[in-house]
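Have a look at the structure below before the remarks.
The values are calculated or read from the model by the stated rules, or taken from the named source; none is laboratory data. If you're wondering where the values come from, they're calculated on a predicted model, not measured in any experiment. Neighbour counts run over all protein chains shown; Cβ positions are idealised from the backbone, glycine included. Just the protein is used for accessible areas: all its heavy atoms, side chains included, with ligands, DNA and RNA removed. Shrake-Rupley method; radii C 1.70, N 1.55, O 1.52, S 1.80 Å.
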Amino acid sequence: MSNRMWGGRYASGPDAIMEEINASIDFDKALWRQDIAGSRAHVAMLAKQGIVEQADADAITKGLGQVEAEIEAGSFTFSRSLEDIHMNVEARLAEIVGPAAGRLHTARSRNDQVALDMRLWVRDTVDQLDGQLRELQSIMAEKALAFAGAVMPGFTHLQSAQPTTFGHHLLAYVEMLGRDRGRLHDARRRMNECPLGAAALAGTSFPIDRHATAAALGFDRPTANSLDSVADRDFSLETLAAASICAVHLSRLAEEIVLWTTPQFGFVRLSDKFTTGSSIMPQKRNPDAAELVRGKSGRVIGALNALLIVMKGLPMTYGKDMQEDKEGLFDAMATLSLCIAAMAGMIRDMQPELKTMKKAAGVGYATATDLADWLVRTLKMPFREAHHVTGRIVGLAADRGVGLEKLELAAMQAVEPRITAAVYEVLGVERSVRSRTSYGGTAPAEVRKQAKRWLARLKRESA
């Protein structure tokens, strides 16, 4: 019995092992919407070009609508013996409309068909992720505005460095997410070319109109080289690269939340919605949502690495290896979407512990740089000399077990006689953050300005 997919060249069906390794319907059925959309545009073009009769095109279009309705209703039966989403849809279409269904595949191949479906799916997913990231940015910018003046320690090397504010810290991640969105926008712009009509690899002899199908599917233009059209998975790689960087940003924020919620830090409190308890220790409130965001970043990064490895040794044009482009991508995009949603929920409910953060901001001589700057600004001291003088004063304070703001003036003057009582005006953490008025600095007024700028921009983008 001839194989009904591959035609007369094969006298028998595949071995069970071959069917198992070859079938992709278990995961590529996720492409059904895109597959049907592509078929609609293709058959409309075929009819307009006179390649198929209008009556056949109308029957095919109506049949595709029925297939779509069946899949949406959950009554469609996906068959592994039919290998992939393309053949499953086409086989059911043939049952509905008869022999006319066979005309749908004129002037196309599964090679350009899957390249189209994947571009459509990735494009749709990028749009969804962009909306989620915009919402997360809005949540963080609103919280940054509300806590623009909430003093907290800023760290380098995870050591107290200089005072900053909680609002300023949150805005750092708003900036990161803005770059993530920019990378996704760039990937979307480059992927927005339509490969349909490249056929197997060489184009087709039928008088098709690739510009018409590209326009019908919302692409900017058709792809310009038929070989590249079916060989390319750059759009998936680039999207995964952008997603991986975004996942790293979310993981860094998650790590900070994990630290901040420990009793040793005590900077923030998460709601019960995003924490869990212990089966044995009744006092525990574990930041599991943050830990999972941190952990799941590995799945996104892993999907990028896997696809890079799949593609690195493939000659032109299509190889069955490229079937491995889907599962990792689908999982990575779903994982990133879930992580963004979890982070949005955590940040929305998160409550900063203002007194604890402010107290911690003064630990570790965090205003030492303010002292050095005062020496430069007031005493006209070269910065390197001011740095040395400040270091000696910090050493005195450490020996006496007091903060800089508590060190006696006489002790400072023993190091530098020109220091006056005016120096105490810069040694408090609140004065320190207020003084950082440079563009993008941590001064509360500047933080409010940046938060309002972001909120206005995000409002325009969502309009």
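Hey, any hits in segment 387-394 for a residue that's among the hydroxyl-bearing types (Ser, Thr, Tyr) and touching a residue at least 24 places away in the same chain (Cβ under 8 Å)?
no
Identify, please: which residue in segment 331-379 is in contact with a helix residue (DSSP H, G or I) (Cβ under 8 Å, 6 or more places away or on another chain) and acidic (Asp, Glu) and is, among those, nearest to residue 289 (Cα to Cα)?
Selected residue: 349.
Just need a number here: residues in segment 90-119 that are touching a Cys at 6+ places or on another chain (Cβ under 9 Å) and closer than 30 Å to residue 342 by Cβ.
Of the residues in that region, 1 qualify.
Collect the residues in segment 267-313 that are open to solvent by less than 80 Å² (accessible area, probe 1.4 Å), farther than 13 Å from residue 328 by Cβ and outside any loop (DSSP other than H, G, I, E, B), keeping them in residue-number order.
Within segment 267-313, 268, 274, 276, 286, 288, 289, 290, 291, 293, 295, 296, 297 qualify.
Does segment 414-424 contain any residue that is within 48 Å of the chain's Cα centre (by Cα) and either outside any loop (DSSP other than H, G, I, E, B) or surrounded by fewer than 18 Cβ atoms within 10 Å (Cβ to Cβ) (or both)?
Yes.
If you go through segment 71-101 one residue at a time, how many are free of Cβ contacts under 8 Å to residues at least 12 places away in the same chain and either hydrophobic (A, V, I, L, M, F, W, C) or within 20 Å of residue 199 (Cβ to Cβ) (or both)?
2
Give 69, 144, 115 a once-over and let me know the one that is part of a helix (DSSP H, G or I) and in contact with a Gly (Cβ under 6 Å, 6 or more places away or on another chain).
Of 69, 144, 115, the one residue that is part of a helix (DSSP H, G or I) and in contact with a Gly (Cβ under 6 Å, 6 or more places away or on another chain) is 144.
Working only within segment 403-413, note down all residues that are part of a loop (DSSP other than H, G, I, E, B) and within 20 Å of residue 153 (Cβ to Cβ).
Result: 403, 407.
With respect to residue 250, is the statement that it is crowded, with 22+ Cβ neighbours inside 10 Å, touching a helix residue (DSSP H, G or I) at 6+ places or on another chain (Cβ under 7 Å) and under 26 Å from residue 354 (Cβ atoms) true?
So residue 250 passes the test.
Could you list, in sequence order, all residues of segment 428-444 that are touching a residue at least 12 places away in the same chain (Cβ under 8 Å) and part of a helix (DSSP H, G or I)?
The answer is 429, 430, 431, 432, 433, 435, 444.
Within the group 96, 85, 25, 71, which residue is β-branched (Val, Ile, Thr), over 40 Å from the mean Cα position of the chain (by Cα) and surrounded by 14 or more Cβ atoms within 10 Å (Cβ to Cβ)?
96
Restricting the search to segment 107-135, which residues are surrounded by 21 or more Cβ atoms within 10 Å (Cβ to Cβ), basic (Lys, Arg) and farther than 15 Å from residue 40 by Cα?
119, the sole residue that qualifies.
Within segment 371-391, count every residue that is within 19 Å of residue 420 (Cβ to Cβ) and surrounded by 14 or more Cβ atoms within 10 Å (Cβ to Cβ).
So the count comes out to 13.
Hey, could you check segment 225-271 for residues that are within 26 Å of the chain's Cα centre (by Cα) and among the charged types (D, E, K, R) and say which is nearest to residue 325 (Cα to Cα)?
233
List the helices (runs of 4 or more DSSP H) inside segment 351-402, counting only whole elements, that have at least 2 residues being more than 30 Å from residue 257 (Cβ to Cβ).
Ranges flagged: 368-379, 383-400.
So which of 367, 356 ends up being touching a residue at least 40 places away in the same chain (Cβ under 8 Å), among the hydroxyl-bearing types (Ser, Thr, Tyr) and open to solvent by 40 Å² or more (accessible area, probe 1.4 Å)?
356
Within segment 192-236, which residues are open to solvent by 30 Å² or more (accessible area, probe 1.4 Å) and closer than 30 Å to residue 179 by Cβ?
Scanning segment 192-236 gives 193, 218, 220, 221, 224, 228, 234.
Kindly indicate whether any position in segment 155-172 is under 22 Å from the mean Cα position of the chain (by Cα) and under 30 Å from residue 85 (Cα atoms).
no
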